[in-house]
Amino acid sequence: MSLHIYDTSARATRQFVPVEAGRASIYLCGATVQAPPHVGHIRSGVNFDVLRRWLMRCGYEVTFCRNVTDIDDKIIRVAAEEGVPWFTVAERNQRAFTWAYDTLGCLPPTVEPRATGHVPEMIVLMQRLIDRGHAYASGGDVYFDVVSYEDRYGTLSNQKLANMRPAADTDDESCKRDPRDFALWKGAKPGEPTWPTPWGLGRPGWHLECSAMATKYLDATFDIHGGGLDLIFPHHENELAQSQAAGDGFARYWMHNGLVKIGAEKMSKSLGNSLLIPEMVQKVRPVELRYYLAAPHYRSPIDYSEEALREAAAAYQRIEGFVTRAAEVIHDVDADAPLPQAFTDALDDDLGTPQALAVVHEVVREGNVALSRGDKEAVARLLAETQNMLDVLGLDPRSPQWRSAKSDLKPVVDALVAVALEQRKAARARKDYAAADAIRDQLAAAGVTVEDTPHGARWELSR
């Protein structure tokens, strides 16, 4: 079976056939940097990082473009409230997003363009639309004429133009031919940043930015456009309309991840229910948070709860425990070992991470049995399968990402615990089991779990 993905525009699962054989191009709508990221934002980054890793594992050369919207009504409003320049807000929050993506193990994008760096490309796109009769300048603004594209506008979100509400994306709608027309360019206002265009000073509209950046780095027609489910309309609908109206093929597949909710509400800064990433990684380790976000199917909603987060952390720890114990027996892992067919089939079926992780847990169970039997050959095979599957998911505990995330004090703790374990070993040798148990209890109270194995005592920090 080859990779099949659910295409929002087709409302069906389709076989992935790239524009160019052996290459895959992905555009992911990244951050609008008016505030620091919460787990709802970063879920998208994790989901599409898994897609990227799977494409790479399948032999594709992947170009991954994740944009930054660094000028926007919300950014300008936050800057005004704080009394700082707009770019101060944008830069501060972009760094917070980059830290969050890195902390949760997302591979760096091939390119990460900022909207403000691509105004020339936006001007060219607007001129193409005006020349084709799909856009017009009015009152210092430039608008997309939805009626001129009526036969195709709404295809992504499966809506009819007659049923759509006004765009409501400008303070004064009187300059529009139709209230449903959306702004490509917004004329200059006092105190706002501006750039020169043939139609006057102003700043770009949100939808225009992504079309210009996507086609600059991925060409007029590219493979996959991704983002959150809440972006289908109006953002992605408008991107598609303006790009194809200008003559570009644009994205061949549209993928949308489900939202993170608390109760019945979408997690959002405006609702005051956001859980910021620095706060989350105090509750669980970053790799455990990644597991929590990657484990559900990417199109499914996540209803956040502390209990579910703890369960995800415990599930990951079971996997990690096997890898750690097996690595003490098997020192060289075959990175080219084949993946279990059931794992491959799961990811080829619209990136089915729940089924893929079920395979991981089954292999881990077999691995634990092999460890208990002392079957090194089976342990070596099952450890290789486990690590290779976890590598695809960005969850391998032995990868540099997660090894470097461990405490810098571990060598010191290791040496101190070793002294205590030697004392415990000596107590057991002289049959002073009360003293040995006391040492073990004192270590447990300090957060160190001791496990007796056929190869001697081993320890790990309690979680």
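Can you tell me which residues in segment 54-75 are open to solvent by less than 30 Å² (accessible area, probe 1.4 Å), part of a helix (DSSP H, G or I) and within 26 Å of G205 (Cβ to Cβ)?
I75
Yes or no: segment 99-115 includes at least one residue that is in contact with a strand residue (DSSP E or B) (Cβ under 8 Å, 6 or more places away or on another chain) and under 15 Å from R203 (Cβ atoms).
Looking for residues that are in contact with a strand residue (DSSP E or B) (Cβ under 8 Å, 6 or more places away or on another chain) and under 15 Å from R203 (Cβ atoms), one finds at least one in segment 99-115, hence yes.
Return the residue satisfying two criteria in turn: it lies in segment 1-22 and is touching a residue at least 60 places away in the same chain (Cβ under 8 Å) and not in a loop (DSSP other than H, G, I, E, B), and of such residues it is surrounded by the fewest Cβ atoms within 10 Å (Cβ to Cβ).
In this case the residue turns out to be T13.
Within the set of pairs 6+ apart or on separate chains, which have a first residue in segment 25-53 that is free of Cβ contacts under 8 Å to residues at least 24 places away in the same chain, a second that is open to solvent by less than 20 Å² (accessible area, probe 1.4 Å), and C-beta atoms under 9 Å apart?
Pairs that qualify, where the first residue is free of Cβ contacts under 8 Å to residues at least 24 places away in the same chain and the partner is open to solvent by less than 20 Å² (accessible area, probe 1.4 Å): there are none.
Looking at S274, S270, which is the one that is exposed (fewer than 13 other Cβ atoms within 10 Å of the Cβ), assigned to a loop (DSSP other than H, G, I, E, B) and modelled with pLDDT under 95?
Numbers: S274 fails: exposed (fewer than 13 other Cβ atoms within 10 Å of the Cβ).
The match here is S270.
Taking into account only those residues within segment 200-223 that are open to solvent by 20 Å² or more (accessible area, probe 1.4 Å) and at pLDDT 95 or above, which is nearest to the chain's Cα centre (by Cα)? Steps first, answer last, please.
First, the residues of segment 200-223 that are open to solvent by 20 Å² or more (accessible area, probe 1.4 Å): 200-201, 206, 215-217, 219-221.
Filter again for at pLDDT 95 or above, leaving 200-201, 215-217, 219-221.
Numbers: G200: 37, L201: 35, T215: 21, K216: 22, Y217: 20, D219: 23, A220: 24, T221: 23 Å.
Among residues in segment 200-223 that are open to solvent by 20 Å² or more (accessible area, probe 1.4 Å) and at pLDDT 95 or above, the one nearest to the chain's Cα centre (by Cα) is Y217.
Considering only segment 209-226, how many residues are of a type in the set (K, R) and in contact with a Lys or Arg (Cβ under 8 Å, 6 or more places away or on another chain)?
Pass one, segment 209-226, residues of a type in the set (K, R): 216.
With in contact with a Lys or Arg (Cβ under 8 Å, 6 or more places away or on another chain) added as a condition, the list becomes none.
The qualifying residues number 0.
Quick check: is even one residue across segment 131-145 open to solvent by 30 Å² or more (accessible area, probe 1.4 Å), under 30 Å from N163 (Cα atoms) and acidic (D, E)?
Among the residues of segment 131-145, at least one is open to solvent by 30 Å² or more (accessible area, probe 1.4 Å), under 30 Å from N163 (Cα atoms) and acidic (D, E), which makes the answer yes.
Residue-by-condition table, conditions (1) in contact with a Ser or Thr (Cβ under 7 Å, 6 or more places away or on another chain); (2) over 24 Å from A295 (Cβ atoms):
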position	(1), (2)
D7	no, no
R52	no, no
C65	yes, yes
V68	no, yes
D73	no, yes
R77	no, yes
D102	no, no
P109	no, no
R114	no, yes
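If you scan segment 157-177, which residues turn out to be surrounded by fewer than 17 Cβ atoms within 10 Å (Cβ to Cβ) and in contact with a helix residue (DSSP H, G or I) (Cβ under 8 Å, 6 or more places away or on another chain)?
S157, Q159, L161, P166, R177 - these are the residues of segment 157-177 that are surrounded by fewer than 17 Cβ atoms within 10 Å (Cβ to Cβ) and in contact with a helix residue (DSSP H, G or I) (Cβ under 8 Å, 6 or more places away or on another chain).
The values are calculated or read from the model by the stated rules, or taken from the named source; none is laboratory data. Just so we're clear, the structure is a prediction, and the values are computed from it rather than from any experiment. In this analysis, Cβ positions are derived from the backbone assuming ideal geometry, glycine residues included, and neighbour counts consider all displayed protein chains. Quick note on the areas: whole protein, heavy atoms, side chains included, nothing else; ligands and nucleic acids left out. Shrake-Rupley method; radii C 1.70, N 1.55, O 1.52, S 1.80 Å.
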